[in-house]
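Below is one structure, written out as structure tokens, with a few remarks after it.
The values are calculated or read from the model by the stated rules, or taken from the named source; none is laboratory data. Note that the coordinates shown come from a computational prediction; the quantities given were computed from them, not determined experimentally. With ideal geometry, Cβ positions are generated from the backbone for all residues, glycine too; neighbour counts draw on all protein chains shown.
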Amino acid sequence: MALLCGFRRLPCLQRSVVQVTAPWLSARAAAPLSVSRPALSSQLAEDHVKHWNAERLLTVGLLGVLPVAFTFPSPALDYAVALSVAVHSHWGMEAIFADYARPKRVGVFLSKAAIGANYFMSAFLLGALFYFNYTDVGVVEAVKMLWRA
Amino acid sequence: MALCLRLASRSVAANCSSRILQKSLLTTSSRSWAIQQYSAEEWERKNEKMGRPLSPHLTIYKFQLTSMLSITHRATGMGLHFGLLGFAGAMVLLPNSYPYYLTLLAGSGGGKALLVASKFIISWPFFFHTFNGIRHLVWDMGKGFSIKTLYKSGYAVVGLSILAALVAAVV
């Protein structure tokens, strides 16, 4: 009895009958939902919201810049397309590696190596696209030429 | 009476978000219930040691439009990424310029059919990924989650992407 009296003072015990007997019926979540999707287990504690928002913003930007670049070709828009595509596909591949190359499945080293390899590939892609823009016809013109060929 | 109190406090303990109270409730007396507290890693190692099989998932779950379009979205994204990587990498490594190689490829005499086919094969993944990407953005705004709308938008994406790729192939 004394034990129970001690419990009553604690706020977490102020629950309804529903929450005690059938918690799955209770509307209130027992714990806040996590918004993290860590690429590495070391990032478990970090908030994913900013990254998620950045991804969506970039996607909308990419959707906007592509038709503009094809309608009004210019070197600046070539570089904008290259940058947007490279970052968008980097984040997409990062999600793929984080989802499938998990530490529990492929080991800690391979999971980190996959993320590292993704950074390397994306950096290479960005550099290569910029190189193509600078020394060659540019990405937009290349697509147009391919279609005219 | 004592049993009722024990049962009440046990279910409360399981639901209680206070870790300290949960621990104290669950490990108070050794002569009461025997609850083993595992960490996630211990639990997984235990299962591995016991050789417990994993429940089937991909092999048994029905293929649905929703999941198939989702994985196709991911696959087309990956394909576009590696395609672009291959193209850009080749342009860095090869000595001549893009127009040179383009005239080389165009003059290689594959025929009109090959040209149309390759234009379709290149453009369909792009159009599918773009249209399904827009579908994703609509979801991100919180709209279109009813089953009917999901299927309608899904079929629309497939249809529009094939149509767009066909138009691009013959243009």
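Remarks
- For the range A:119-140, taking the residues that are more than 13 Å from A:ALA86 (Cα to Cα) and among the hydrophobic types (A, V, I, L, M, F, W, C), the one that is surrounded by the fewest Cβ atoms within 10 Å (Cβ to Cβ) is identified as A:VAL137.
- With respect to the conditions (1) within 10 Å of chain A (Cβ to nearest Cβ); (2) small (Gly, Ala, Ser); (3) farther than 16 Å from A:LEU63 by Cα, B:ALA113 falls short on a single one, namely (1).
- For first residues located in the range B:97-110 and surrounded by 13 or more Cβ atoms within 10 Å (Cβ to Cβ), partners that are of a type in the set (Lys, Arg) and lie 6+ apart or on another chain with Cβ distances below 9 Å do not occur.
- Verdict on A:ILE96 being within 14 Å of chain B (Cβ to nearest Cβ), at pLDDT 95 or above, touching a helix residue (DSSP H, G or I) at 6+ places or on another chain (Cβ under 7 Å) and surrounded by fewer than 19 Cβ atoms within 10 Å (Cβ to Cβ): yes
- If you check A:VAL108, A:VAL60 for being among the β-branched types (Val, Ile, Thr), surrounded by fewer than 16 Cβ atoms within 10 Å (Cβ to Cβ), more than 30 Å from B:ASN96 (Cα to Cα) and within 12 Å of another protein chain (Cβ to nearest Cβ), only one passes: A:VAL60.
- Residue check for B:SER67: more than 10 Å from every other protein chain (Cβ to nearest Cβ) and over 14 Å from the mean Cα position of the chain (by Cα): no
- Among the candidates A:SER89, A:SER42, A:SER36, residue that is of a type in the set (S, T, N, Q) and at pLDDT 95 or above: A:SER89
- Selection count where residues are more than 9 Å from chain B (Cβ to nearest Cβ) and within 20 Å of A:VAL65 (Cα to Cα), scope the range A:139-149: 3
- Residue, farthest from the chain's Cα centre (by Cα), within the range A:79-134, restricted to residues that are among the hydroxyl-bearing types (Ser, Thr, Tyr) and over 22 Å from B:HIS73 (Cα atoms): A:TYR134
- The range B:137-170, residues that are within 12 Å of chain A (Cβ to nearest Cβ), surrounded by fewer than 17 Cβ atoms within 10 Å (Cβ to Cβ) and in contact (Cβ under 8 Å) with a residue 12 or more places away in the chain: B:VAL138, B:VAL170
- Candidates in the range B:88-106 are the residues that are in a helix (DSSP H, G or I) and facing chain A (nearest Cβ under 7 Å); of these, the one that is modelled with the lowest pLDDT is B:ALA106.
- The C-beta contact set for the range A:102-122 (first residue assigned to a helix (DSSP H, G or I), second residue among the small types (Gly, Ala, Ser) and at pLDDT below 95, distance under 8 angstrom, 6+ apart or interchain) comprises A:PRO103/A:SER41; A:VAL108/A:SER41; A:ILE115/A:ALA39.
- Some residue of the range A:129-136 being in a loop (DSSP other than H, G, I, E, B), free of Cβ contacts under 8 Å to residues at least 24 places away in the same chain and within 10 Å of another protein chain (Cβ to nearest Cβ): yes
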